[in-house]
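Here is the structure we will look at.
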Amino acid sequence: MSRTLVRSLLVLFLSLFSFTALAHDAWISRGTYKNPAGEWCCGAEDCGVVSPNAVKAGQGGYSLRGPVTYGSAVTGNEADGPTRQDNINETVPYSQSLPSPDGAYWRCKRPDGSPRCFFAPPPGT
(Lines give C-alpha, C1' and ligand atoms only; values in the text may rest on other atoms or scores of the structure.)
Protein backbone atom coordinates (compact mmCIF):
# COMPACT_ATOMS: atom_id res chain seq x y z
CA MET A 1 0.00 0.00 0.00
CA SER A 2 1.26 3.46 -0.75
CA ARG A 3 2.10 5.84 2.07
CA THR A 4 -0.49 8.32 0.81
CA LEU A 5 -3.25 5.71 1.00
CA VAL A 6 -2.17 4.61 4.47
CA ARG A 7 -2.10 8.23 5.68
CA SER A 8 -5.52 8.92 4.15
CA LEU A 9 -7.00 5.87 5.84
CA LEU A 10 -5.49 6.87 9.17
CA VAL A 11 -6.92 10.38 8.93
CA LEU A 12 -10.33 8.96 7.99
CA PHE A 13 -10.20 6.52 10.90
CA LEU A 14 -9.27 9.26 13.35
CA SER A 15 -11.99 11.59 12.07
CA LEU A 16 -14.66 8.94 12.44
CA PHE A 17 -13.91 8.39 16.08
CA SER A 18 -14.54 11.77 17.62
CA PHE A 19 -14.12 10.46 21.15
CA THR A 20 -10.42 10.97 20.62
CA ALA A 21 -11.03 14.58 19.63
CA LEU A 22 -13.15 15.16 22.68
CA ALA A 23 -10.57 13.47 24.87
CA HIS A 24 -7.87 15.94 23.88
CA ASP A 25 -10.07 18.93 24.57
CA ALA A 26 -11.40 17.52 27.83
CA TRP A 27 -8.32 16.11 29.49
CA ILE A 28 -5.04 17.22 27.92
CA SER A 29 -5.71 20.87 27.22
CA ARG A 30 -7.82 21.40 30.33
CA GLY A 31 -5.69 19.24 32.58
CA THR A 32 -2.73 20.25 34.63
CA TYR A 33 -0.45 17.66 33.09
CA LYS A 34 3.28 18.22 33.30
CA ASN A 35 6.18 16.03 32.28
CA PRO A 36 8.79 14.96 34.86
CA ALA A 37 10.82 18.11 34.02
CA GLY A 38 7.86 20.29 35.04
CA GLU A 39 6.85 21.46 31.54
CA TRP A 40 3.15 21.78 30.65
CA CYS A 41 2.13 19.05 28.21
CA CYS A 42 -0.24 20.93 25.96
CA GLY A 43 -0.14 24.00 23.85
CA ALA A 44 -1.66 24.92 20.49
CA GLU A 45 -0.87 22.38 17.79
CA ASP A 46 1.39 20.19 19.92
CA CYS A 47 -0.44 16.98 20.91
CA GLY A 48 -1.15 14.12 18.52
CA VAL A 49 -2.30 10.53 18.46
CA VAL A 50 0.39 7.89 18.03
CA SER A 51 -0.67 4.94 15.92
CA PRO A 52 -0.92 1.88 18.22
CA ASN A 53 1.08 -0.06 15.61
CA ALA A 54 3.96 2.40 16.13
CA VAL A 55 4.29 1.64 19.86
CA LYS A 56 6.19 -1.29 21.31
CA ALA A 57 6.75 -1.76 25.03
CA GLY A 58 10.33 -2.86 25.57
CA GLN A 59 12.92 -3.09 28.25
CA GLY A 60 13.07 0.29 29.96
CA GLY A 61 10.53 2.15 27.84
CA TYR A 62 8.26 2.56 24.86
CA SER A 63 9.78 2.37 21.39
CA LEU A 64 7.93 4.75 19.06
CA ARG A 65 8.51 4.05 15.36
CA GLY A 66 5.88 5.42 13.00
CA PRO A 67 3.21 8.06 12.48
CA VAL A 68 1.82 10.61 14.89
CA THR A 69 -1.21 12.55 13.65
CA TYR A 70 -1.65 16.15 14.80
CA GLY A 71 -4.17 18.87 14.07
CA SER A 72 -7.85 19.62 13.95
CA ALA A 73 -8.99 16.22 12.62
CA VAL A 74 -7.58 14.66 15.77
CA THR A 75 -8.41 17.30 18.34
CA GLY A 76 -11.63 18.69 16.89
CA ASN A 77 -10.30 22.20 17.48
CA GLU A 78 -9.55 24.43 14.49
CA ALA A 79 -7.00 26.31 16.63
CA ASP A 80 -4.81 23.19 16.51
CA GLY A 81 -4.18 23.77 12.81
CA PRO A 82 -4.51 21.55 9.76
CA THR A 83 -4.18 17.80 10.05
CA ARG A 84 -0.61 16.64 9.55
CA GLN A 85 1.61 13.68 10.37
CA ASP A 86 5.13 13.29 11.65
CA ASN A 87 7.06 10.05 11.56
CA ILE A 88 8.95 9.52 14.77
CA ASN A 89 11.73 7.21 15.85
CA GLU A 90 12.39 7.57 19.55
CA THR A 91 12.28 5.80 22.89
CA VAL A 92 10.34 7.13 25.86
CA PRO A 93 11.46 5.75 29.24
CA TYR A 94 8.62 4.37 31.36
CA SER A 95 9.53 6.93 34.02
CA GLN A 96 8.63 9.72 31.57
CA SER A 97 5.27 8.35 30.40
CA LEU A 98 1.98 9.53 31.85
CA PRO A 99 -1.28 7.55 32.11
CA SER A 100 -3.71 8.12 29.25
CA PRO A 101 -7.29 8.30 30.53
CA ASP A 102 -8.80 7.76 27.08
CA GLY A 103 -6.80 4.59 26.31
CA ALA A 104 -4.93 6.09 23.33
CA TYR A 105 -1.24 6.86 22.91
CA TRP A 106 -0.56 10.61 22.73
CA ARG A 107 2.65 12.52 22.06
CA CYS A 108 3.02 16.21 22.82
CA LYS A 109 5.96 17.99 21.24
CA ARG A 110 7.88 21.20 21.67
CA PRO A 111 7.98 23.80 18.87
CA ASP A 112 11.26 22.25 17.64
CA GLY A 113 9.55 18.82 17.34
CA SER A 114 11.31 17.20 20.29
CA PRO A 115 9.12 15.19 22.68
CA ARG A 116 7.51 17.02 25.59
CA CYS A 117 5.00 14.48 27.00
CA PHE A 118 3.93 10.94 26.22
CA PHE A 119 0.65 9.42 27.38
CA ALA A 120 0.13 5.65 27.32
CA PRO A 121 -2.81 3.48 28.36
CA PRO A 122 -2.32 1.83 31.73
CA PRO A 123 -0.82 -1.67 31.43
CA GLY A 124 -3.39 -4.39 30.88
CA THR A 125 -5.99 -2.14 29.23
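The values are calculated or read from the model by the stated rules, or taken from the named source; none is laboratory data. No experiment lies behind these values; they were computed from the predicted model shown. Note that we place each Cβ from the backbone using ideal geometry, even for glycine, and neighbour counts take in every protein chain shown. Each accessible area value is taken on the protein alone, full model and side chains, heavy atoms only, with ligands, DNA and RNA left out. Shrake-Rupley method; radii C 1.70, N 1.55, O 1.52, S 1.80 Å.
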Could you list, in sequence order, all residues of region 60-103 that are touching a helix residue (DSSP H, G or I) at 6+ places or on another chain (Cβ under 6 Å), closer than 17 Å to Arg30 by Cα and at pLDDT 85 or above? Asp102
Identify the single condition in (1) outside any strand (DSSP E or B); (2) out of contact with any Pro (no Cβ under 7 Å at 6 or more places or on another chain); (3) open to solvent by less than 70 Å² (accessible area, probe 1.4 Å) that Gly103 does not satisfy, given that it satisfies every other one. (2)
Considering residues that are among the aromatic types (Phe, Trp, Tyr) and either open to solvent by 60 Å² or more (accessible area, probe 1.4 Å) or out of contact with any Asp or Glu (no Cβ under 9 Å at 6 or more places or on another chain) (or both), the number found within region 63-87 is 0
Among all residue pairs at least 6 apart or on different chains, which show Cβ distances below 6 Å where the first residue, located in region 29-52, is in a loop (DSSP other than H, G, I, E, B) and among the hydroxyl-bearing types (Ser, Thr, Tyr) and the second is surrounded by 15 or more Cβ atoms within 10 Å (Cβ to Cβ) and at pLDDT 90 or above? Ser51/Gly66; Ser51/Pro67
